[in-house]
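The values are calculated or read from the model by the stated rules, or taken from the named source; none is laboratory data. Just so it is clear, the model here is predicted, and its values are computed rather than measured. As a convention, Cβ positions derive from the backbone with ideal geometry for all residues, glycine included, and neighbour counts pool all protein chains shown.
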Amino acid sequence: MASKKFKLIILDEADAMTKDAQNALRRIIEKFTDNVRFCLICNYLSKIIPAVQSRCTRFRFAPLSKELMIPRLQHIIQEENLKVTEDGLKALVTLAQGDMRRSINILQCSSMAFDDVNEENVYTSNKRIYFRQMVHDIERNLPWVEKYRPAILEDLVAHKDIVATTIAELKTAKGLALQDILTEVHVYVHRLELPAYVKIYIFEKMSDIEHRLSTGSSEKIQLSALISTFYTARNSISTKDA
C-alpha cells in the first residue's frame, strides 16, 4: 500500500516554465491534491499563470542583506582557500542583489577563471559591465563628471552620434547587452546631483526602455530612445533655467 504521508514536490525556477507547461502542472496539482503538496519557487510572480497562483499560498521572501551575506561568503572563502580582495567581496554582494546562490555561483566562476578574485575579475567573469572601465571608455569621447553640471547633458546632446557609436562599440567589444548598460547607467544617474524632476523623468523612460527590451524590441531603436531621454532631460533643464 502507498504511504499515507504527504509527498513533497519542489519546483525551482517555476517562472521559467511555459504557459502550456504551467497549465499541465495545474491539472497535475488538481489530480494529486490528496497525497502530494507542491512547492513552487520563482523570482517573478507575474510569470506564474493565475490558475496556478490561485491554488497556492504565497510566501514572499525579501533579498538577503549584505550583513547576512558577507559572513557566509567569508566562511566559504576561508574554507576553500580563495584569494578574494575586499573590493571583490563587495562586487560579489552587489551583483548578487540579495541572492545567496547567485553570489556563490559568481564566486565559483571568478575563482575558476582567475587566481585573484578582485572587483574587475568578478565583473568580467560574470559578463557584466565593469562600471569604472565603461565610464573611462566613454570619457575618451565625452567629458563625463561625477558631480552634476548642466554640461553633462549638453555633452550627451551635442555628441549624441559619438555616444551611440561608443556604446555600440562597448557592446561589441565586451559582449554586453543594452540591458546591462541600462542597469549600470541607472546606478550612475543616482550619483549625479540632478534636479529631482529630471531624475524622475529619466528613470521613468529607462523603465519603459527596459520593458520594451524584455518584449523583444530592437536594441538599436531602444539605444536611440535612451539617448533621446537625456536630450529631453537637458532641454527641460534649459527651459526651467530660462
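Could you tell me whether ASP34 is of a type in the set (D, E, K, R) and closer than 20 Å to ARG101 by Cβ?
no
Of everything in segment 201-241, what is under 18 Å from the mean Cα position of the chain (by Cα) and under 17 Å from VAL189 (Cβ atoms)? Give them in sequence order.
Of everything in segment 201-241, those that are under 18 Å from the mean Cα position of the chain (by Cα) and under 17 Å from VAL189 (Cβ atoms) turn out to be ILE202, PHE203, GLU204, LYS205, MET206, SER207, ASP208, ILE209, GLU210, GLN222, LEU223, LEU226.
Can you say whether ASN23 is more than 16 Å from GLN53 (Cα to Cα) and surrounded by 11 or more Cβ atoms within 10 Å (Cβ to Cβ), as far as the supplied structure shows?
Spelling it out, it is not the case that ASN23 is more than 16 Å from GLN53 (Cα to Cα) and surrounded by 11 or more Cβ atoms within 10 Å (Cβ to Cβ).
Taking segment 215-234 only, how many residues are loosely packed, with under 14 Cβ neighbours inside 10 Å and not in a helix (DSSP H, G or I)?
Of the residues in segment 215-234, 3 are loosely packed, with under 14 Cβ neighbours inside 10 Å and not in a helix (DSSP H, G or I).
Which pairs do you get when a residue that is free of Cβ contacts under 8 Å to residues at least 12 places away in the same chain and within 20 Å of ASN121 (Cα to Cα), found in segment 68-86, comes within reach of a residue that is among the aliphatic types (A, V, I, L, M) and assigned to a helix (DSSP H, G or I), reach meaning Cβ atoms under 8 angstrom, with the pair 6+ apart or on two chains?
none
Test ASP87 against the stated conditions and say whether it is under 30 Å from VAL187 (Cα atoms) and not assigned by TED's automatic domain parsing to the domain that holds THR183. Write out each step before concluding.
Details: under 30 Å from VAL187 (Cα atoms): yes; not assigned by TED's automatic domain parsing to the domain that holds THR183: yes.
It is true that ASP87 is under 30 Å from VAL187 (Cα atoms) and not assigned by TED's automatic domain parsing to the domain that holds THR183.
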